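S.K.: Got a structure for you, written out below as C-alpha cells; questions coming shortly.
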Amino acid sequence: MKVYGKNVFNELKTNRDKIKKVYLSASFKDEDIVRFIKENKIPYVTVDKRKFDSMVDGNTQGIILDVADFQYKKLEEIDTLEKKIVILDHLEDPHNFGAIIRTCEASGIKSIIIPRDRSVQVTPTVVKTSTGALEYVNIYQVSNLKQAIEYLKKRGYFIYGAEADGRAYDEVSYSEKMVLVIGSEGHGISRIIREACDEIISIPMYGHVNSLNASVSFGVLVYGIKN
C-alpha cells in the first residue's frame, strides 16, 4: 500500500520495518527527513515531478511511502478492560474515518470495530487524514456487527447508538464500560444494529441545520460523554 505525507512518515519512522521504500519528489526539500532516510539506510528513490504526481491521488507533500498492507485485528484480540470502544456501522467516507481515528487517539480510545463489507477500509486517504494516529489505534474487522455487539454485551459493555431521534446525550447516565455506535453518512445506524443498541442518544440541535458530519458528531459525543 502506498501512503503519503510528512506526518505519516514521522510516525512510521519509529517502526521503520513497515516501510519498504520511500519515493521523494525531485522538489522535496525537508532536510531532516532526507537525512533520517539516508542515515537509517531506508531504500528510497527521487522521482521527477510528472511521474511522482501520477503515483497517488492526494496532497503528498512530496513524499510517498510503500508500506506493508494494513493488518486488521480480530475481535477476539480486543482488550475487554477498555472503558470505551467505537463501532462504525458502514461508514463510507475515508476522510471521516481518518478524522474519527485521530479523535480516538487524542481522547484515549484504543479500539474501533468496522464491518468487512460495504464499509470504508484503511486506505491511503484514511492514513493521511489520521495524521499518524492510526499507529496508536487498533482497527478490528468483523464479518457481522450484530454478533460483535452481542460478544461485547456478554463482556459487560452497554451499547449506545448515536442517532438524531435519541435522548440528549448530556442527560444520560453512562455505563462504566460502553460502546459508541456511529452510523453511515447517508443512512445512519442500520435497523438491525439500532435494535441491538441498549440506548439511542443524540446531540441537541438548536439551529436551522438538523445534522452534523459523522466525524464532528463523534467528536462532540466522545468529549461530552462522562462515564
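The values are calculated or read from the model by the stated rules, or taken from the named source; none is laboratory data. Treat the numbers as computed from the prediction; the structure is a model and nothing was measured. When we count neighbours, we look across all protein chains shown, and the Cβ atoms used for this are built from the backbone with ideal geometry, even at glycine.
S.K.: Please go through region 126-180 and give me each residue that is farther than 23 Å from Y72 by Cβ and in a helix (DSSP H, G or I), ordered by number.
M.R.: Listed by number, the residues that qualify are Y169, D170, E171.
S.K.: While we're on this one: In the set K128, K146, which member is surrounded by 21 or more Cβ atoms within 10 Å (Cβ to Cβ) and either within 30 Å of F9 (Cβ to Cβ) or modelled with pLDDT of 95 or more (or both)?
M.R.: Values: K146 fails: surrounded by 21 or more Cβ atoms within 10 Å (Cβ to Cβ).
Exactly one residue qualifies, and that residue is K128.
S.K.: Considering each of T60, T46 in turn, give the residue that is part of a loop (DSSP other than H, G, I, E, B) and of a type in the set (V, I, T).
M.R.: Exactly one of T60, T46 is part of a loop (DSSP other than H, G, I, E, B) and of a type in the set (V, I, T), namely T60.
S.K.: Would you mind telling me which numbered condition in (1) of a type outside the set (S, T, N, Q); (2) closer than 25 Å to Q141 by Cα; (3) in contact with a Phe, Trp or Tyr (Cβ under 9 Å, 6 or more places away or on another chain) V34 fails?
M.R.: For V34, the failing item is (2).
S.K.: Also, quick follow-up: Can you tell me which of L221, L212 is farther than 24 Å from K74 by Cβ and in a helix (DSSP H, G or I)?
M.R.: One residue alone meets the criteria, L221.
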